[in-house]
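Everything on this sheet refers to the single structure shown next.
Quick note: the coordinates plus some simple rules give every number you see, no bench work behind them. As the structure is a prediction and not an experimental result, all values here were calculated from the model. So basically every Cβ, Gly included, is an ideal-geometry build from the backbone, and we count neighbours across all protein chains shown.
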Amino acid sequence: MGLLRRLLGRARPDQPTSAESGRSVEDVDIDSLLALVAETMGEPYSFADDGASMRLGGRTINLVGLRREAGRRSREDWPVLVSEHLSRRDEPFDACNLNPIKALLRIRVHAADDPDIPDPSRIIGRHLSADLIEVLTVGARPIRPEEAFCWPIPPAEALDLALANGLADERPAVTESDLGGVLVRSLAAPSATAHLRELPCPADGMLVVLPRPDVVTVHPVEGISVVRALERMRVHAQREYDADPGGLSPHVYWLHQGRLIRIQADLVAQDGQIRLVVTPPPEFARLLARIAATAN
C-alpha cells in the first residue's frame, strides 16, 4: 500500500493526461490506481471511453459510484478505496447493479460503536436510536457507498426497500414470556427491527429491548406497572446480552410515535443487592409523572 501512495497522483505513461483527455486530474489519478491494482492482480483490463466502467478479466466494473465516493474522501483514502472496489470482482453478484440484487437487500442493526464498523462513513445506514444503526446489506455484508452511488435511487429509498423486503419475506417467530409477573412478547427474525415497525403500539408507546440483532422483546406502556416492567426487562436484556457473543444491546428503549429512545437504567450493586437506577429522558419522565398522578 505504500507503493500505491507514492504513485498516487502520477499519470501512467500509456494513459492520456487530464489536459489531453479533457477529464479531471482526479479521474485520471483514479484510473492510474485502478490500472495499477489490476496489474497486481494479473488481470487484463481496459477502460470505457467515458470512464464510467472498466473491463477487468471477464467482468465489467462500474466506476461511477467509486469516482463519486473518491470525491468525498481525501487522496490518502484512495488506494484502499480502489483496492476494495476491485476486490469484490469474484462475488456472484455485482452490487453496483441494483436490479439483480434488489430482492436481496436487507437491514441489519448494529451498535453505533460496533468494532466491525470502525468507519461509519463506509456503510449505508441510519440511526434507529442514538446508539443503534440500521445498516443496508446484501447477503451478509454491508453495501458500500461507492456501490449505492451507482444506483438510480437515493440511499434512503434503498433502506426503505430493504425494510420492505424483510417484512415481505420473513415470518417472525413470536413467543410470550413471563418476567416475574411482567408479560412480554418476543419476535425473532433476521430483520427483527423491521417487524418492530409493524406492531400495534399503544398511545403511550412500548418498552423494547434488543439483546440480539435478530430478536426484539416488547411490553406495552399501560399504567403504573411500567415501572416494574422496566426493571424486569432491563435485567432480562442484560442477561441475554451477556449470554450471546453477538449481543446487540443490554438497554431498555421506549418506542413512541415512531421514535426509539433509550432509557438510561443502570444495574447498581448496593448492600449485597442489585438496584435499578433510572435516569429517564425528559419526555418519558413526564409520562411517568402523568401515570403516577392518574394512579393516585
*Gaussian network model of the chain, springs between alpha carbon atoms under 10 Å - residue of Asp116, Asp49, Asp271 with greatest fluctuation*: Asp271
_Cysteines in the chain lacking a second Cys C-beta under 4.7 Å_ = Cys201
*asked:* Explain nothing, just the number: dipole magnitude of the chain about its Cα centre with +1 on each Lys and Arg Cβ and -1 on each Asp and Glu Cβ, in debye rounded to the nearest 20.
replied: 420
*Given R₀ = 41 Å, FRET efficiency for Arg75-Leu104 by Cβ-Cβ distance, to 0.05?*
0.80
*Which angle from 0 to 90°, rounded to the nearest 10, does the C-alpha axis of helix 155-169 make with the longest principal axis of the chain?*
60
*On Cα atoms only, tilt of 226-243 relative to the major axis of the chain in degrees*: 50
*Relative exposure of Ser87, Ser249, judged by other C-beta atoms within 10 Å (fewest first)*: Ser87, Ser249
*Against the longest principal axis of the chain, how steep is helix 78-87, in degrees 0 to 90 to the nearest 10, with axes from Cα atoms?*
90
*Of the options Pro142, Pro120, Ala168, report the single residue whose Cα projects farthest towards the positive end of the charge dipole of segment 98-169 (beta-carbon charges: Lys, Arg +1; Asp, Glu -1).*
Ala168
*Where in segment 239-261 does the label zone of Leu288 land, with the point 7 angstrom along Cα→C-beta and an amide N cut-off under 16 Å?*
251-255, 261
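Let's see if you can work this out: charge +1 on each Lys and Arg Cβ, -1 on each Asp and Glu Cβ, no other charges. What is the dipole magnitude of segment 173-295 about its Cα centre, in debye to the nearest 20?
Values: 12 positive and 13 negative charges, 58 e Å.
Once rounded to the nearest 20, the dipole reads 280 debye.
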*asked:* Need the C-alpha centroid separation for segment 27-57 versus segment 232-289, integer Å.
replied: 52
*asked:* Can you tell me the convex hull volume per residue for the chain, based on C-alpha atoms, in Å³ to the nearest whole number?
replied: 170
_I'd like to know which of Leu199, Ala156, Tyr241 lies farthest towards the positive end of the charge dipole of the chain, counting +1 on Cβ of Lys and Arg and -1 on Cβ of Asp and Glu._
Leu199
_Can you find, among Ile291, Val252, Phe93, the residue sitting farthest towards the positive end of the charge dipole of the chain, where Lys and Arg contribute +1 and Asp and Glu -1 at Cβ?_
Ile291
*Mind jotting down the three principal axis lengths of segment 199-277 based on Cα atoms? Whole angstrom, largest first.*
38, 31, 15
*With the chain treated as a Gaussian network of Cα nodes joined by springs under 10 Å, which of Ala168, Ala189, Ala229 yields the largest mean-square fluctuation?*
Ala168
